[in-house]
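A.B. asks: To start, I am sharing the structure in question, which I have written as C-alpha cells.
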Amino acid sequence: MTQPRKLQPQVVLLGLISLLNDSASEMIYPLLPVFLTTTLGATPLIVGMIEGAADGLASILKLAAGWISDRMPQRKPLVVGGYALAAGSRALIAAASVWPLVLAARLIDRTGKGIRSAPRDALIADVTDPADRGRAFGFQRALDHTGAVVGPLIALVLLNVLHFEMRTIFYIAVIPGAVGVVMLLVFLKEEKRGERRREKAPDVPLPKRFWGAITAIALFSLANSSDAYLLLQAHAAGVATSLLPLLWAAHHVIKSLFSTRAGALSDRIDRRWLLVAGWTAYAILYFIFPFARTMPSFFVLFVLYAIPFTLSEGAERAWIGDLVPPEGRGKSFGIYYLANGICVLAGTALFGTLYERVSPSAAFWTGAGLALAAALWILMMGRSSRAIMTA
C-alpha cells in the first residue's frame, strides 16, 4: 500500500491558522446567542438575522475577493487582511452594550471572512494536485474543526472553573487570532503568478457543470440555517448556559477526527456520493431535533450532527476546484461562497420566522425537506464528477 503524499506547506500552515482562528471564534459562538438574548435583550429572530446578515455580507465579499485574487500577483495579502479583521472584531463584541454593536462586530468579522475565504481555497487548489485535492481540503476543515473543539473547551474552563464573565472570555478570544495573523505574515510563501495568467482570468468561462453544482449547493444552503438556533433550542429545553460550549465542542470533535479521511475518500470515489449521503443525514437529524428534551439527547444529536458536514465539506470544495480551470478558480470559489451565503441568509430568515410564528418543529422539518431536495438534485445531475475531472 503506497503512503499518501505529503501535503504542501501552504496547506499545512493554512490549516494551523484555521485552528487558531476558529478556536478564538468558537470561544464566543456558543455563548453569543445567550449573551444577545439575556444580556443585550435581543429576540431569537434578531439573533438569527445578525448571523444571517453577517454571512450574507461575507458571501458578497467572497465573490469580489476571489475575482480580485485571480488578477493579483499573489493571493496572500487578501488572506492575511481577512484574518486580521476577524481578530480585531472580537474586542468589539466584548465591549458591546447593545445588540447593534454585536451586529457591527459580526459584520467586521464576516468582512474578514469574505476577504480571505475564496483566495485561501483557491490557493489550496493552486498548490495541490487534483488527486489529493479532497484530502487537502479535508485537512484544512479538520484543523478548522479542531479549533472549534479547543475554543469551546477553553470557554468551558474559563466559565465554570475560573468563573470568568462572558465579556472577559470574549476579550481573551482576541489572542489566538492575533497569533495566527503574525504566523501568516512570517511563514506563508506563495509564488507570484505570471502577467499572462492574470490577463486571461477575466475571460475564463465557467462550465455548465459548475453551475449545476452551484445550484445543488445553494439549495442545501437554504436548509442550512444558522446553528445558533440549535443552541437556542437546547437552551430552551433546559440545557444550562455553562454546558452549551460542551455541546458545541462534542459536535466538532467528530468533524476534526474524520474530515481529512472523508476528503481523501472523495479523491477515490465520485465526490457527489458523499454529498448525497451527508445531506440526507442532515435531513434525518433536522427531523429528529424537535423531539430532544434532555442533555444526553442533545449531546447525541450534536455529535451526530457533525456527520453531514464531515462527509460533505471537503468533497464540496474539492468538487468546485475540479470543475474550473486555474485561471478562474478564485472567481469560482467566490461564486460558490456567494450562493452559499445568500441562501443561508434566506434560509435563516425562513427558519427564524417559522421558529417564532409557527413552531420550532415546523422550522426544523422545512429544513429537512430542503436538504432532501438538494440531495435529489445531485442524483438528477447524471454524469460522474470523476469524468469531469478528466474531461
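The values are calculated or read from the model by the stated rules, or taken from the named source; none is laboratory data. Being a predicted model, the structure only gives us computed values, none of them experimental. Using ideal geometry, Cβ is built from the backbone for each residue, glycine included, and neighbour counts are taken over all protein chains shown.
A.B. asks: Any residue in the stretch 17-34 that is part of a helix (DSSP H, G or I) sitting within a Cβ distance under 7 Å of a residue that is among the acidic types (Asp, Glu)? List the pairs, counting only those 6 or more apart or interchain.
C.D. replies: The qualifying pairs are 18/144; 19/144; 22/144.
A.B. asks: Which pairs do you get when a residue that is in contact (Cβ under 8 Å) with a residue 12 or more places away in the chain and within 13 Å of residue 31 (Cα to Cα), found in the stretch 226-239, comes within reach of a residue that is among the charged types (D, E, K, R) and buried (at least 20 other Cβ atoms within 10 Å of the Cβ), reach meaning Cβ atoms under 7 angstrom, with the pair 6+ apart or on two chains?
C.D. replies: 228/51
A.B. asks: Here's a follow-up. Do you know which of the residues in the stretch 300-310 that are surrounded by fewer than 19 Cβ atoms within 10 Å (Cβ to Cβ) and within 21 Å of the chain's Cα centre (by Cα) is modelled with the lowest pLDDT? Lay out the reasoning, then the answer.
C.D. replies: Going residue by residue through the stretch 300-310, those that are surrounded by fewer than 19 Cβ atoms within 10 Å (Cβ to Cβ) are 300, 303-304.
Now narrow it down to the ones that are within 21 Å of the chain's Cα centre (by Cα): 303-304.
Numbers: 303: 82, 304: 88.
Per the criteria, the residue is 303.
A.B. asks: Do you know which of the residues in the stretch 150-173 that are surrounded by fewer than 24 Cβ atoms within 10 Å (Cβ to Cβ) and within 20 Å of the chain's Cα centre (by Cα) is nearest to residue 24 (Cα to Cα)?
C.D. replies: Result: 150.
A.B. asks: Is at least one residue of the stretch 342-355 under 19 Å from residue 271 (Cα atoms) and in contact (Cβ under 8 Å) with a residue 24 or more places away in the chain? Don't jump to the end; show me each part of the working.
C.D. replies: Start the filter on the stretch 342-355 by keeping residues that are under 19 Å from residue 271 (Cα atoms), which leaves none.
The answer is no, given that none of the residues of the stretch 342-355 is under 19 Å from residue 271 (Cα atoms) and in contact (Cβ under 8 Å) with a residue 24 or more places away in the chain.
A.B. asks: Here's another thing I want to ask about it. Being charged (D, E, K, R) and surrounded by 24 or more Cβ atoms within 10 Å (Cβ to Cβ) is the filter here, so list the residues in the stretch 121-134 that pass it. Walk me through it before giving the result.
C.D. replies: Restricting attention to the stretch 121-134, the residues satisfying the condition of being charged (D, E, K, R) are 121, 126, 129, 132-133.
Of everything in the stretch 121-134, those that are charged (D, E, K, R) and surrounded by 24 or more Cβ atoms within 10 Å (Cβ to Cβ) turn out to be 121, 133.
A.B. asks: Here's something else I'd like to know. I need the full set of residues from the stretch 78-106 which are modelled with pLDDT of 90 or more and not hydrophobic (A, V, I, L, M, F, W, C), in order please.
C.D. replies: Across the stretch 78-106, the qualifying residues are 81, 82, 83.
A.B. asks: Here's something else I'd like to know. Return the residues of the stretch 214-268 that are assigned to a loop (DSSP other than H, G, I, E, B) and closer than 24 Å to residue 365 by Cβ; say none if nothing qualifies.
C.D. replies: Listed by number, the residues that qualify are 224, 225, 226, 227, 237, 238, 239.
A.B. asks: Which condition number in (1) touching a helix residue (DSSP H, G or I) at 6+ places or on another chain (Cβ under 6 Å); (2) under 25 Å from residue 366 (Cα atoms) is the one that residue 320 fails?
C.D. replies: With (1) touching a helix residue (DSSP H, G or I) at 6+ places or on another chain (Cβ under 6 Å); (2) under 25 Å from residue 366 (Cα atoms) applied to residue 320, the lone miss is (2).
A.B. asks: Given (1) closer than 30 Å to residue 261 by Cα; (2) modelled with pLDDT under 85, identify the lone condition not met by residue 185.
C.D. replies: (2)
A.B. asks: Touching a residue at least 40 places away in the same chain (Cβ under 8 Å), touching a Gly at 6+ places or on another chain (Cβ under 7 Å) and closer than 30 Å to residue 241 by Cα: does that describe residue 40?
C.D. replies: In short, no.
A.B. asks: Quick one: in the stretch 270-299, which of the residues that are in a helix (DSSP H, G or I) and of a type in the set (S, T, N, Q) is modelled with the highest pLDDT? Spell out the reasoning first.
C.D. replies: Within the stretch 270-299, the subset in a helix (DSSP H, G or I) is 271-291, 295-299.
From the residues that got through so far, the ones that are of a type in the set (S, T, N, Q) too are 280, 297.
Working: 280: 94, 297: 83.
Across the stretch 270-299, the extreme among qualifying residues is 280.
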